[in-house]
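**Student:** First the structure, then my questions, so here it is.
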Amino acid sequence: MKKGLFLIGVLLLASCSGKPAQMLPSSQSSVIDWVDFVNWNDTTYTANYETNEMDKVWKTERVLGEVTYTLDGHAGANHTSKNGDAAYLPKGTKLYEIKGYDPAFRILANDKIYEVSEAGKAEKVEDFLDIEGKVNRVILQSEEDLSFIGEFSEVHTKEFIDELLLLPYEEAGRTTEGKRVFFGIELTDGSMTRSLYWPETGYINYGTTASERLKEIFEAEMKASNY
């Protein structure tokens, strides 16, 4: 299993969140600084740092599984991750379904939210991005510190989400070149799911490529916010 669907985006967003940049291992590394992830049901989840700083108590449903292997301190640079692997969560840590969320999108482990970063067998974005009916607003954020830059109009927000969820999930052809645009989708419970958009290639860091209409919406909102 790959170690992260949206790895570039995960690292960029982590570095802008005030957390130490976490790198996947290279063959030259003597000390491995893993991305904080866990694998379950052929899906890779990474810690959602901003949401975990909300100090919110999340209600859980059933136990989905548990960590069977901790990479930190045990795995080498060439380790191939599999279901049950986690970067830092101790062996035996329970993985929980969160009330109100499809576990394809988010799960809870050790009182922390882990959000999908590689969507396994998904065919469309809606198969894992469980945000329909939960969106408060879409915002543009600074590349330097993720501070607020602008907010999509109400009309564009609805159209953007509807269009995004129907896009095909792509395991290949992820081209991340040129300028990058940081944006966040704020949900009604106050949490945020962040992503990146590359205007030059149209790639969106949810494993998909923007439709022509989504490109138009991005362009209009970026212009309105002087992004």
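**Student:** For LEU166 and SER225, compute 0.36 nm times the residue count separating them, minus their Cα-Cα distance, and round to one decimal in nm.
**Tutor:** This chain segment gains 18.6 nm when fully extended.
**Student:** With an 8 Å cut-off on Cα pairs and a minimum separation of 6 or more residues, tell me the relative contact order of the stretch 123-227 in percent.
**Tutor:** Reported relative contact order: 30 percent.
**Student:** What's the exposure ranking of HIS74, HIS156, HIS79, going from fewest to most Cβ atoms within 10 Å?
**Tutor:** HIS74, HIS79, HIS156
**Student:** Taking amide H positions as placed in the peptide plane 1.01 Å from N, state which residues far from TYR169 in sequence (5 or more) or on other chains have amide H under 5 Å from it.
**Tutor:** Placed amide hydrogens put LYS124, VAL125 under 5 Å from TYR169.
**Student:** Nearest 0.05, what FRET efficiency do GLU159 and THR201 give at R0 = 22 Å with Cβ-Cβ as r?
**Tutor:** Rounded to the nearest 0.05, the efficiency is 0.55.
**Student:** Let me ask something else about it. Can you list the HN-Hα couplings for the stretch 49-57, worked out from phi with the Karplus curve (6.51, -1.76, 1.60; θ = phi - 60°), rounded to whole Hz and with x for Gly and Pro?
**Tutor:** In residue order, the calculated couplings are 4, 5, 5, 6, 8, 6, 6, 9, 8 Hz.
**Student:** When a footprinting reagent is the concern and you count Cβ atoms within 10 Å, what order do LEU140, LEU165 take, fewest first?
**Tutor:** In order of increasing Cβ crowding within 10 Å: LEU165, LEU140.
**Student:** Quick one: check the C-alpha center-to-center distance for the stretch 94-117 versus the stretch 151-204, whole angstrom.
**Tutor:** 21
**Student:** Can you list the residues, at least 5 places off or on another chain, whose amide H is less than 5 Å from the amide H of GLU66, using H built in the peptide plane?
**Tutor:** Answer set, sorted by chain and number: LEU95.
**Student:** Find which of VAL35, PHE183, GLY207 sits farthest along the positive direction of the dipole of the chain, computed with +1 on the beta-carbon of Lys and Arg, -1 on that of Asp and Glu, about the Cα centre.
**Tutor:** Going by the charge dipole, the pick is VAL35.
**Student:** Turning to a different aspect of this structure: Roughly how many debye, to the nearest 20, is the charge dipole of the chain about its Cα centre, given +1 on each Lys and Arg Cβ, -1 on each Asp and Glu Cβ, and no other charges?
**Tutor:** 560
**Student:** Using only alpha carbon pairs under 8 Å that are at least six residues apart, calculate the relative contact order of the chain and give it in whole percent.
**Tutor:** Dividing the mean separation by the residue count of the chain yields 18 percent.
**Student:** Using 1/(1 + (r/R0)^6) with R0 = 25 angstrom and r between the beta carbons of GLU144 and THR80, what's the FRET efficiency to the nearest 0.05?
**Tutor:** E between GLU144 and THR80, to the nearest 0.05, is 0.10.
**Student:** For the chain, report the convex hull volume of the alpha-carbon atoms normalised per residue, in Å³, without decimals.
**Tutor:** Dividing the Cα hull volume of the chain by its residue count gives 120 Å³.
**Student:** In this model, which of LYS82/LYS215; LYS112/LYS179; LYS94/LYS134; LYS112/LYS223; LYS56/LYS179 are farther than 28 Å apart at the alpha-carbon?
**Tutor:** LYS82/LYS215; LYS112/LYS179; LYS112/LYS223; LYS56/LYS179
**Student:** Still on this structure, please answer the following. For ASN41, list long-range residues whose amide hydrogen, built 1.01 Å from N in the peptide plane, is under 5 Å from its own amide hydrogen.
**Tutor:** GLY84
**Student:** Rounded to whole Hz and in sequence order, give me ³J(HN,Hα) for the stretch 117-126 from the Karplus expression 6.51 cos²θ - 1.76 cosθ + 1.60, θ = phi - 60°, writing x for Gly and Pro.
**Tutor:** 10, 8, 8, x, 9, 4, 9, 10, 4, 5
A short reminder: the numbers here are calculations on the coordinates, not readings from a lab. All values reported here derive from a predicted model rather than from experimental measurement. Counting neighbours? That spans all protein chains shown, and the Cβs are built from the backbone with ideal geometry, glycine included.
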